[in-house]
Structure formats: structure tokens, C-alpha cells
Amino acid sequence: MSDEFKGCPTVQGPVRRKDSEPWVELPGGARLASWSKDDQVRYNQQNRQAAKHAFYVSAFDFLHDNDIRGDYLEFGCHRARTFRMALTEARRQNMDFMNFYAFDSFEGLPDCDPAHVWTKTWSKGALKTGEDEFQAIIAEHGVYADKVRTVPGFYDASLTPALQGELMNADCRAALICVDCDLYESAVSVLGFLEPLLQPGALIYLDDMFAGYKGSPLRGVYKAFREFAGVSAWHFEPHMQVGWAGRSFVTCEKA
Ligand SMILES: C[S@@+](CC[C@H](N)C(=O)[O-])C[C@H]1O[C@@H](n2cnc3c(N)ncnc32)[C@H](O)[C@@H]1O
């Protein structure tokens, strides 16, 4: 780890103010002399996860302040980074009524249509965290662990009308939804499944809106969301920007 990296603030992001030109601290060549690939990965991950955590802090404050009661639904759970953010911030807002649903294959990505794949790191089985491993992370985290339900399976098979009915009979209504499943096809299954579980004020957080495809709205999760918003009975009001890749939307009744 280079010395430069050690100095990076992790929560507020990397920007530090200065009292003189150029008014922000900009490390120069000497401080970046030993900056490595590992430093780059750490730097990007810290900044990305910090932006997501800041979003979860605000999102749960929004739900609390607007008295939106319901559950947390996450589609794409992997290492439970965002899932743990949700558990922690729900606890901070004392949301003892909330249930937490983790929808994932727990076998990684499905077979990907090459037309929708923009990075070599996406292939069948990539990004796998097994169900036991996921549950162990949640147990170790120790927040609302008894309220977490895992729903294993690839979405085209697992997100059935029967499951929709089961959730609705159990009074499941979405308060916050995290869609973090990378692929167009995955997001299509997820968004269609969600329609009857939405309620006014429910937040939808799309982790991958600008990830891949050079940020194009005509591809990937962004395309899936545009198509969904075009046919949904709900209106989705733009809400927060989450780092450079994600956006959230507030579910609203149509005028
Ligand atoms: C980027 S990771 C999620 C990261 C996670 N939110 C975190 O913060 O640790 C993507 C996840 O989506 C899941 N996934 C993608 N497409 C899927 C599908 N069609 N069915 C089930 N799971 C899927 C993968 O198994 C993987 O766990």
C-alpha cells in the first residue's frame, strides 16, 4: 500500500479542502510515486462503497421521515456489502417491523447473452457467494439476522407468480429495493416481479444504471428500467445519485 493511499479519507470520499490554490489537496508525482494497481483497486472500492453507504444512510432516513413501512428486497446479494448496509441503517432507524429478502442464485451470474455482456469478468458462475456463506456473513454481522430470508434461484425460474402471491399474502410490501444484478435479462425478471409489491414512497435503487455500455440508456439495467417504467402503473421520480453508477427513484402514483 503506498503512503499516498494511507492518507485517503474513506467515508467522505477522497476530496480534501485547502486554504490556498488549487483549493483542494491534489497529490503530486512524489506522493503518487509508488501508487500501484492494488492501490487503484482499493481507492475505487472505498469510494464506491462509501457512496453506497451514504445512500443507505439517507434512504433509511427518508423512509423513517415519510413513515414508509415495508420490507427490504435485494436482488443481487453476493458478498452482502449492500445487504449489511441495509441491516445496519434499518437498525439505526429502529425499523423492527422490517423483513429483509435476499434474492440471488447463490451460484453467481447465469449464462449471459453475449449481446448484453460488456466485460470479460461477466460469465456464468462469476460473482458467486454461496447461500451458506451469505448466511454466515449475515449471522456474523449480527443485526436483524433472524429477519433475513434468502430466496435462492435464478430469477427466470425463481421469481414466479406463486412467490409473488406468497409474499403478498404475507403482507410483504417493498419499502426499499436494491437491484444489483448487473445484467439486462436479470433486471427484466426482477422489475416485472416487483410491480405488485410496490407502494407509494418505495425507493428503487439501481446499482448498475451507468455501469458498462459506456453509460448508455439503451443497454443493460438502464434499458430494462426504461422499458419497465414505460409499462408500469407507477411513476418513478428521480431521487438520488449514488456514486457514478447508481440512481434511486421514488415510486409515486401516476397523476
Ligand atoms: C454485483 S453482485 C451483487 C453485489 C452485492 N449487492 C454486494 O453489495 O455485495 C451481482 C449478484 O447478482 C446475482 N445475479 C445476477 N443475475 C442473476 C439472476 N438472473 N438470478 C439470480 N441471481 C443473479 C449474482 O449471483 C450476484 O450475486
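Quick note: the coordinates plus some simple rules give every number you see, no bench work behind them. Computed from a predicted model, the values in this text were never measured in an experiment. Cβ placement follows ideal geometry from the backbone for every residue including glycine, while neighbour counts extend to all protein chains displayed.
Springs join every pair of Cα atoms under 10 Å in this Gaussian network model of the chain, and among Asp208, Asp19, Asp96 the largest mean-square fluctuation is at Asp19.
Estimated from the Cβ-Cβ distance and a Förster radius of 30 angstrom, the FRET efficiency linking Gln93 and Thr121 is about 0.30. Footprinting exposure proxy ranking of Ser186, Ser216, fewest other C-beta atoms within 10 angstrom first, gives Ser216, Ser186.
For Gln199, what charge total do you get from the other residues with a beta carbon under 13 Å from its beta carbon, if Lys and Arg give +1 and Asp and Glu give -1? My count for the surroundings of Gln199 gives -3.
In plain terms, the residue of Val242, Val143, Val231 with the fewest other Cβ atoms within 10 Å comes first and the most crowded comes last, giving Val231, Val143, Val242. Net charge in the neighbourhood of Asp180 (other residues with Cβ under 14 Å of its Cβ; Lys, Arg +1, Asp, Glu -1) is +1.
Between Val15 and Val143, the C-beta separation translates, for a Förster distance of 30 Å, into a calculated FRET efficiency of about 0.50.
Relative to the longest principal axis of the Cα atoms of the chain, the long axis of helix 220-231 makes an angle of roughly 40 degrees.
Axis of helix 37-65 versus longest Cα principal axis of the chain: the two differ by about 50°, to the nearest ten degrees.
Computed from point charges on the beta carbon alone (+1 for Lys and Arg, -1 for Asp and Glu), the dipole magnitude for region 43-253 about its Cα centre is near 680 Debye. Most simply put, region 43-253 has about 40% antiparallel DSSP beta bridges, counting only bridges with both residues inside it. The C-alpha atoms of the chain define a longest principal axis, and helix 131-141 lies at about 60 degrees to it. The fewest-to-most ranking of Trp35, Trp244, Trp234 by surrounding Cβ atoms within 10 Å reads Trp244, Trp35, Trp234.
Counting only other residues whose beta carbon sits under 9 Å from that of His235, what net charge do I get with K and R as +1, D and E as -1? Result for the neighbourhood of His235: -1.
With contacts taken as Cα pairs under 8 Å and at least 6 residues apart, region 43-253 reaches a relative contact order of 21 percent. Divide the volume of the convex hull around the Cα atoms of the chain by the residue count and you get 163 Å³ per residue.
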